[in-house]
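The values are calculated or read from the model by the stated rules, or taken from the named source; none is laboratory data. The structure displayed is predicted, hence computed values, not measured ones. As a convention, Cβ positions derive from the backbone with ideal geometry for all residues, glycine included, and neighbour counts pool all protein chains shown. Just so you know, the surface numbers come from the protein's heavy atoms only, side chains and all, with ligands and any DNA or RNA stripped out. Shrake-Rupley method; radii C 1.70, N 1.55, O 1.52, S 1.80 Å.
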Amino acid sequence: MTIEIQKDSDPIFVKMIGVLDTGAAEQIETEIQEIESLAQKTISIDCSKLEYICSSGLRHFLRIRKAAGEYGHVVTLTGVSNNILEVLKITHFDSIFDIQ
């Protein structure tokens, strides 16, 4: 799992690449904390290269959304594949994220 963060833009662009399973979720803790610290700006997460997401990965998305919400921002998810979208719908995350 790789995360690319463009910090100097507004919105902040985050690109998720690979498989976000339990092991990867633990490995990316530092990057998630960094994204949370940038939540004073709008955050856009590019999911076009995200192949899989588990409940631990969804928890990271929720943390980012919560941090952004404290500043009155929404988190936009772009490039969401049908498989990831299905997970978001089943978990009702499609109602708390702006999915484009």
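The table below lists the values:
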read-out	value
Search result, residues across segment 1-39 that are out of contact with any Asp or Glu (no Cβ under 8 Å at 6 or more places or on another chain), open to solvent by 70 Å² or more (accessible area, probe 1.4 Å) and under 20 Å from Gln100 (Cβ atoms)	Glu4, Gln6, Asp10
Residue in segment 55-70 that is open to solvent by less than 80 Å² (accessible area, probe 1.4 Å) and assigned to a loop (DSSP other than H, G, I, E, B) present	no
Selection count where residues are open to solvent by 60 Å² or more (accessible area, probe 1.4 Å) and acidic (Asp, Glu), scope segment 40-54	1
Count - residues of segment 1-18 that are assigned to a strand (DSSP E or B) and touching a Leu at 6+ places or on another chain (Cβ under 8 Å)	5
Leu85 open to solvent by 20 Å² or more (accessible area, probe 1.4 Å) and either under 15 Å from Phe13 (Cα atoms) or without any contact (Cβ under 8 Å) to a residue 24 or more places away in the chain (or both)	yes
Conditions (1) within 11 Å of the chain's Cα centre (by Cα); (2) small (Gly, Ala, Ser); (3) closer than 17 Å to Leu38 by Cα; number of the one not met by Gly57	(3)
